[in-house]
Protein chains: 2
Amino acid sequence: MVKIPIEVSARHVHLAKKDLDKLFGKNYHLTKLRDLSQPGEFAAKETVKIKGNKGEIKNVRVVGPVRQKTQVEISKTDAINLKINAPVRLSGDLKKSGSCTLIGPKGKIKLKEGVIIAHRHLHIEPKLAKKYNLKNGQFVSIKIKNTIRSLTFHNVIVRISPKFRLAFHIDTDEANAAGIKKHGTGILLI
Amino acid sequence: MVKIPIEVSARHVHLAKKDLDKLFGKNYHLTKLRDLSQPGEFAAKETVKIKGNKGEIKNVRVVGPVRQKTQVEISKTDAINLKINAPVRLSGDLKKSGSCTLIGPKGKIKLKEGVIIAHRHLHIEPKLAKKYNLKNGQFVSIKIKNTIRSLTFHNVIVRISPKFRLAFHIDTDEANAAGIKKHGTGILLI
């Protein structure tokens, strides 16, 4: 039985350099609040406001470092509340994804695309992937067992990279449906 | 393969007669907006506001007819947003459940207990239950298959009554996690 650590991703924003400048001021640098599980990634002290076609959400955490493209990750619940037509997508797959306005202390930007609901995925390093006989892009299932809201997630996409550390990432809707908070443990079903 | 119709329950409130009177005025009667799937149950035109320890949610649908005890059903996402300590419970099991304030057009009430997150459950009539060899209170699993967020719900409690009609009830967090909107179809796994 292969146990998998589960991490719950709250809504967050990755910013491109040019968008960081627009929202926080020219040549602004993000300040690290804490490291995240995936090496190099960190929660920044900075937050932004997301404005949708209806309503807004304040204090949305920026995740660093800066990326090539700005990407906003929200839950389906958020998407409904904000009236944003956000698809379930893998990180980086932003073509024709949702639109929103991001508001920072120094300015705002209108994102034509970039808002997604993260596709549930398993981060794994090559050595472990080989051990468990997993291929990049493969789908697996992961079961979460507890006394009240046990759940098996199917359609979990395997993402292999030497930069990754073993973690199953789900969003807050998925965590709430499974009765877990920020962290949990699952069982890999291939 | 036994197919099960799935229904998504949005947040809603069942009211006791005395609480209906306090919120809407003495001897008030609920007005039917539309019938719900379970015989006798209906969505009322009336809505109330739920106030938690933090924030509030407006326009929460009242479900009729009146009940012995007032019961508020919200999602875990709502419970977090409202800072209400709501447990996952079966309908009617309200002892030491969450507290809130309900606000109507004519008054408000402070509920010491009554706020729950509905335990996922399968409504079924006795004849069908017999056919599928299901007992009241038994746990089953129900799988939802789609291309992007397939899920198997475990801990589904079976509730048998001649007043019920076959339906698997989940809340909005569970629906969002499974990639379905108001309705769907599942497969019974015993």
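Could you work out the Rg to Rh ratio of chain B, with Rh taken as the Kirkwood radius (inverse of the mean 1/r over all Cα pairs)?
For chain B, the value is 0.98.
Which positions within the range A:62-77 get 20 Å² or more of their accessible surface covered by the other protein chains, compared to the chain by itself, with a 1.4 angstrom probe?
Residues shielded by partner chains are A:K76, A:T77.
Can you show me the helix-derived [θ] at 222 nm for chain B, built from DSSP H runs with n ≥ 4 at -39,500 (n - 2.57) apiece and divided by the number of residues, rounded to the nearest 500.
The helix-only estimate for chain B comes to -3500 deg cm²/dmol at 222 nm.
Can you tell me what share of the DSSP beta bridges in the range B:51-131 is antiparallel? A percent to the nearest 5 is fine.
Approximately 65 percent, going by the DSSP bridge assignments.
Within the range B:138-168, name every residue whose backbone N is under 20 Å away from a label modeled 7 Å from Cα of B:H183 along the Cβ vector.
B:143-147, B:164-168
Could you check the simple spin-label distance between A:K58 and A:K32, using points 7 Å along Cα→Cβ, in nm with one decimal?
The two pseudo-label positions are separated by 2.9 nm.
Quick one: go through the range A:151-190 and flag any residue whose amide nitrogen is under 16 Å from the point 7 Å out along the Cα-to-Cβ line of A:A10.
A:170-176, A:180-184
Which percent, nearest 5, of DSSP beta bridges in the range A:1-142 are antiparallel?
75 percent
What part of the accessible area of the protein assembly as shown, given as a whole %, is carbon or sulfur when the probe is 1.4 angstrom?
52 percent
Nearest 100 Å² is fine: what is the total accessible surface buried where chains A and B meet, probe 1.4 Å?
Chains A and B together bury approximately 2100 Å².
Taking a label point 7 Å out from Cα toward Cβ, give me the nm distances from A:S37 to the same spot in the other copies, shortest first, one decimal.
Nearest to farthest, the other copies are at 3.4 nm.
Quote the FRET efficiency, to the nearest 0.05, computed for A:D93 versus A:R165 with a Förster distance R0 of 25 Å and r equal to the Cβ-Cβ distance.
0.70
Taking B:I157 in one copy and the same position in all the others, each labelled 7 Å out along Cα→Cβ, what are the pairwise distances from the first, in nm, shortest first?
When each copy's label point is compared with this one, the spacings are 3.7 nm.
Take every residue in peptide B:151-159, count the Cβ atoms of other chains within 10 Å of its Cβ, and give the average of those counts.
For this peptide, the per-residue mean of nearby foreign Cβ atoms is 5.
Which links in A:K108/B:K76; A:K18/A:K182; A:K127/B:K143; A:K76/A:K96 stretch past 21 Å when you go from one Cα to the other?
Too far apart for the 21 Å limit: A:K108/B:K76; A:K18/A:K182; A:K127/B:K143.
Using a 1.4 Å probe, what is the accessible area per residue for the range B:21-87, in Å²?
55 Å²
What gaps in nm, shortest first, separate B:K18 from its twins in the other copies when you place the label 7 Å past Cα toward the beta carbon?
When each copy's label point is compared with this one, the spacings are 6.5 nm.
The values are calculated or read from the model by the stated rules, or taken from the named source; none is laboratory data. Only a predicted model underlies this, so the values are computations on that prediction, with no experimental measurement involved. Every residue, glycine among them, receives a Cβ derived from its backbone with ideal geometry; neighbour counts consider all protein chains shown. What goes into the accessible areas is simple: the full protein's heavy atoms, side chains included, and nothing from ligands, DNA or RNA. Shrake-Rupley method; radii C 1.70, N 1.55, O 1.52, S 1.80 Å.
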